[in-house]
Amino acid sequence: MTTRNVACMGARMFTAVLPPADVVSELDALLEPRRDADPGLRWSRPEGWHVTTSFMSDVPSRAVDALVEYLGEVAAKAAPFPIRLEGGVAFPDAAQAKVLGLGISDGNGELARLSAGARSAASRAGAAADGARFVGHLTLARSRKGVQATRWIGVLDSFSGWSWQAAELCLVESLRMGRHYEVIERFSLGS
């Protein structure tokens, strides 16, 4: 295990699968010339892109070691699997999107199982995870008021997509109101 330096009691954390650097770089290059096209969107930083499997809004510092142990068990039971990132998605819908992202076309079943395992691990450790239904996606932008995203979904649908082999699950701390993420622990799948 790596040394954990959790910022404070009641840390905001999540578990996630991170895309590889080449996927991040290529997607960033495609989005760069488009980011200024809609002032209603706040684009997430590429170095923070991830596919969330569980979110815990308040992890007590006393629960972190147990959480790490239980997440290690979850990861050990899961084999590496292929993920394909493609197609635009908007939440709650395209007419008033507060979240704009790319969907997951391959790997959703495996991600859903990691999500269920991570949520169970959080509960066992005393760090309750949210109960939202798992929907695999990578968030690219947010809007406080909601934007008409039909055009954006079309743009994202035009991208050819990216595939990679998911080989690890990460425990990540969300710092500075979600403006910075720090990987606290990495768990190899199937080991």
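The values are calculated or read from the model by the stated rules, or taken from the named source; none is laboratory data. Quantities reported herein were computed from a predicted structural model and do not represent experimental measurements. Heads up, the Cβs are rebuilt from the backbone with ideal geometry, glycines too, and the neighbour counts pull from every protein chain shown. Ligands, DNA and RNA are stripped out before the accessible areas are found, and what is left, the full protein with its side chains, is counted by its heavy atoms. Shrake-Rupley method; radii C 1.70, N 1.55, O 1.52, S 1.80 Å.
What is the set of long-range amide H partners of S54 at a cut-off below 5 Å, with H atoms built 1.01 Å from backbone N?
T15
Please give the per residue volume of the convex hull enclosing the alpha carbon atoms of the stretch 105-191, rounded to a whole number of Å³.
150
Dipole magnitude of the stretch 5-120 about its Cα centre, charges +1 at Lys/Arg Cβ and -1 at Asp/Glu Cβ only, in debye to the nearest 20?
Roughly 360 debye for the stretch 5-120.
Please give me, ordered by residue number, the trypsin sites (Lys or Arg not before Pro) of the stretch 129-158 that lie in loop per DSSP and have at most 12 other Cβ atoms within 10 Å.
R133
Whenever you get a sec, compute what percent of the accessible area on the stretch 37-185 sits on carbon and sulfur atoms (1.4 Å probe).
Heavy-atom surface of the stretch 37-185 belonging to carbon and sulfur, 1.4 Å probe: 52 percent.
In whole percent, what relative contact order does the chain give with Cα contacts below 8 Å and a gap of six or more residues?
33
Can you list the HN-Hα couplings for the stretch 136-142, worked out from phi with the Karplus curve (6.51, -1.76, 1.60; θ = phi - 60°), rounded to whole Hz and with x for Gly and Pro?
Values, residue by residue: x, 6, 10, 6, 10, 8, 10 Hz.
If Y181, Y70 are ordered by their accessible area, calculated over protein heavy atoms with a 1.4 Å probe, which sequence runs from highest to lowest?
Putting Y181, Y70 in descending order of accessible area: Y181, Y70.
So, counting K/R as plus one and D/E as minus one, what does the shell of residues with Cβ under 12 Å around L85 add up to?
Spelling it out: positives minus negatives among the neighbours equals -2.
Which net charge results when you count Lys and Arg as +1 and Asp and Glu as -1 among the other residues whose beta-carbon is under 12 Å from that of L18?
-1
Express the relative contact order of the stretch 44-153 as a whole percentage, based on alpha carbon pairs under 8 Å and six or more residues apart in sequence.
Relative contact order, the stretch 44-153: 41 percent.
Looking at I83, N108, F134, which one has the Cα that reaches farthest to the positive end of the dipole of the chain (charges on Cβ: Lys, Arg +1; Asp, Glu -1)?
F134
At q = 0.14, 0.24 Å⁻¹, what log₁₀ I(q)/I(0) does a Debye calculation on the Cα points of the stretch 6-89 give, no solvent, two decimals?
So the normalised log intensities are -0.71, -1.24.
I'd like the Karplus ³J(HN,Hα) series for the stretch 144-157: coefficients 6.51, -1.76, 1.60, θ = phi - 60°, whole numbers in Hz, and an x wherever there's a Gly or Pro.
For the stretch 144-157, the Karplus-derived couplings read 5, 8, x, 10, 6, 10, 4, 5, 5, 4, x, 4, 5, 5 Hz, x marking Gly and Pro.
Would you mind getting the accessible area per residue of the stretch 19-76, heavy atoms of the protein chains only, 1.4 Å probe, in Å²?
In whole numbers, the stretch 19-76 has 50 Å² accessible per residue.
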